[in-house]
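**Student:** Next up is a structure, given as structure tokens.
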Amino acid sequence: DVVETQEHYKSRWRSIWIMYLTMFLSSVGFSIVIMSVWPYLQKIDPTADASFLGWIIASYSIGQMVASPLFGLWSNYRPRGEPLVISTAISVAANCLYAYVHVPHSHNKYYMLTARALVGFGAGNVAVVRSYIAGATSLTERTSAMANTSACQAVGFILGPVFQTCFTLIGEEGVTWKFLCLQLNMYTAPVLFGALLGIINIILIFAIFREHRVDDMGRQCKNINSDGEGSDVLDQNTEGSIDHVAVVALNVLFFVILFVFAVFETIATPLTMDMYSWTRKEAVFYNGIILSVIGIESVIVFMVVKMLSKKTGERAILHAGLLIVLVGFFILLPWGKKLPNVQWQEIKNNSIPRMVPTEMLTPFWSLQEMQLPSNHTAEPVGCPVTQSWCLNTPMIYLAQYISSDVLIGLGYPVCNVMSYTLYSKVLGPKPQGVYMGWLTASGSGARILGPVFVSQIYTHLGPRWAFSLICGIVVVALLLLEIVYKRLIAFSVRYGRMQE
């Protein structure tokens, strides 16, 4: 039998490539302003403090967590082009709002909060993207397509700060167009560029994107949520119930995967400042390089895992990825005898320590107690004496930190791709919008809770407790994977329509 015509195949993959672009733009929308949010917030509203910055950063994930199931539900019953266009339009409008948050005479920080929340709400279309790709690919194509999707997302996170850096050449003042009440500067140009990309994305969705659906063997099927043409070959293949135990387990595993990576990103700046006596500028610069290298490493891993999964299967690779992440955090445990340098100036000067924000170029809202005495102009470095664990916890050597970075940068993308791929295969040929929405929401929740968890544990108990608890969480995830291992099979395999 002819699985599909050449014309259908080309149209299907053109539509999938539009989904890759949508995923890329979604991640760019988050990362393109993340380095400038704090200075811009201070400029437009001096009443905003570091804790409010935390809410602004978190608002993106909160908006995405709320929107993902809603857009997913929408895509189950209507053509997917509708939620994709509307969500992208919301992101475009939100970026334009962000460019004008300096205009009001008061409450500017709340306008910025609203803008970032709406950008996150628009990014809820990630659930639609994933569900479309799951429905438009056969089982043999699925892993590769999901890996490409995650790679586009990773590239977006990498290039966002690069775009931001290029726009810094405009400067803080930039150009003012009074008739538009618009200041085009290093803070507003990136979001306007993001809005332009969003408009291009909408045009491409109208021009190129088409609804396509194939079964697990790649045969063309009729779309349940549209009136498009297609055979009814899938009707008998949708019979059977989804294994909800496997679905819940994969949601939990995905939450853990994103939770531990959010912890890893959160802890990078304060940990290196405490352990290696780096200044704020040094910590941001060096960690920026490290995270960029990890981003490149992740893209390479996404490409390699496509080929590797054909030989070993997704479950084994997910298991290996979690083990690599576990080893990465285990290496971070303090083992030596040398203590980190401690900030003693405050004791010598009998001055009262005050709370100031850590370098806020990282998207988190943890606070670090840093001593800035009034009679000292130089920035104090080292582990703050107000963190009592600094006096008795061995330092984490730089070699440990770099090794951990490499391992976590290897394990995280593996787990990310495999969890999405297994999830889509377990759900089978039925519309996956709502389920993909819940998976995206669980990931957004993890990005919100991870920084809160680590900021509290690390500040009060130190790295030994923080990383030990993370290791424990990953071990529990591995045990859960072992329990449900045999259930993580494709829908068609489960009902005997295909062989594994």
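Results for (1) open to solvent by less than 20 Å² (accessible area, probe 1.4 Å); (2) outside the structural domain of S31 (by the TED database); (3) over 20 Å from L25 (Cβ atoms), shown as yes or no for each residue.
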{"residue": "A67", "(1), (2), (3)": "yes, no, no"}
{"residue": "S75", "(1), (2), (3)": "yes, no, no"}
{"residue": "R78", "(1), (2), (3)": "no, no, yes"}
{"residue": "V85", "(1), (2), (3)": "no, no, no"}
{"residue": "A89", "(1), (2), (3)": "no, no, no"}
{"residue": "A94", "(1), (2), (3)": "yes, no, no"}
{"residue": "H107", "(1), (2), (3)": "no, no, yes"}
{"residue": "Y110", "(1), (2), (3)": "no, no, yes"}
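**Student:** Return yes or no: is S455 buried (at least 19 other Cβ atoms within 10 Å of the Cβ) and either in the same structural domain as A117 (by the TED database) or closer than 17 Å to S138 by Cα (or both)?
**Tutor:** Values: buried (at least 19 other Cβ atoms within 10 Å of the Cβ): yes; either in the same structural domain as A117 (by the TED database) or closer than 17 Å to S138 by Cα (or both): no.
No: the conditions fail for S455.
**Student:** Looking at segment 167-176, is at least one residue assigned by the TED database to the domain that holds L53, in a helix (DSSP H, G or I), surrounded by fewer than 24 Cβ atoms within 10 Å (Cβ to Cβ) and acidic (D, E)?
**Tutor:** Within segment 167-176, none of the residues are assigned by the TED database to the domain that holds L53, in a helix (DSSP H, G or I), surrounded by fewer than 24 Cβ atoms within 10 Å (Cβ to Cβ) and acidic (D, E).
**Student:** Could I ask something else about it? Just wondering, is there one or more residues in segment 146-159 that are surrounded by 23 or more Cβ atoms within 10 Å (Cβ to Cβ), more than 15 Å from V28 (Cα to Cα) and either out of contact with any Leu (no Cβ under 8 Å at 6 or more places or on another chain) or in the same structural domain as Y40 (by the TED database) (or both)?
**Tutor:** yes
**Student:** Would you say S366 is among the polar types (S, T, N, Q), open to solvent by less than 40 Å² (accessible area, probe 1.4 Å) and at pLDDT 80 or above?
**Tutor:** no
**Student:** Pick out the one residue from G433, G462 that is in contact (Cβ under 8 Å) with a residue 60 or more places away in the chain, open to solvent by less than 10 Å² (accessible area, probe 1.4 Å), at negative phi and assigned by the TED database to the domain that holds R315.
**Tutor:** Values: G462 fails: at negative phi.
Going through G433, G462 in turn, the sole match is G433.
**Student:** Return the residues of segment 44-94 that are among the polar types (S, T, N, Q) and touching a residue at least 60 places away in the same chain (Cβ under 8 Å); say none if nothing qualifies.
**Tutor:** T47, S51, S59, S61, Q64, S68, S75, N76, T88, S91
**Student:** Also: So how many residues does segment 273-313 have that are without any contact (Cβ under 8 Å) to a residue 60 or more places away in the chain and within 17 Å of the chain's Cα centre (by Cα)?
**Tutor:** 1
**Student:** Going through Y100, Y110 one at a time, which residue ends up being more than 27 Å from F209 (Cβ to Cβ) and without any contact (Cβ under 8 Å) to a residue 24 or more places away in the chain?
**Tutor:** Y110
**Student:** Taking the condition more than 16 Å from H102 (Cα to Cα) and of a type outside the set (A, V, I, L, M), does G198 pass?
**Tutor:** Yes; evaluated as a whole, the condition is true for this residue.
**Student:** So which residues in segment 451-497 are within 30 Å of M273 (Cβ to Cβ), small (G, A, S) and assigned to a helix (DSSP H, G or I), if there are any at all?
**Tutor:** Selection gives S455, A466, S468, G472, A477.
The values are calculated or read from the model by the stated rules, or taken from the named source; none is laboratory data. Fair warning: this is a prediction, and the values are worked out from it, not measured in the lab. Positions of Cβ are backbone-derived with ideal geometry, glycine not excepted, and every protein chain shown enters the neighbour counts. Keep in mind that these areas ignore ligands, DNA and RNA; they rest on the heavy atoms of the full protein, side chains included. Shrake-Rupley method; radii C 1.70, N 1.55, O 1.52, S 1.80 Å.
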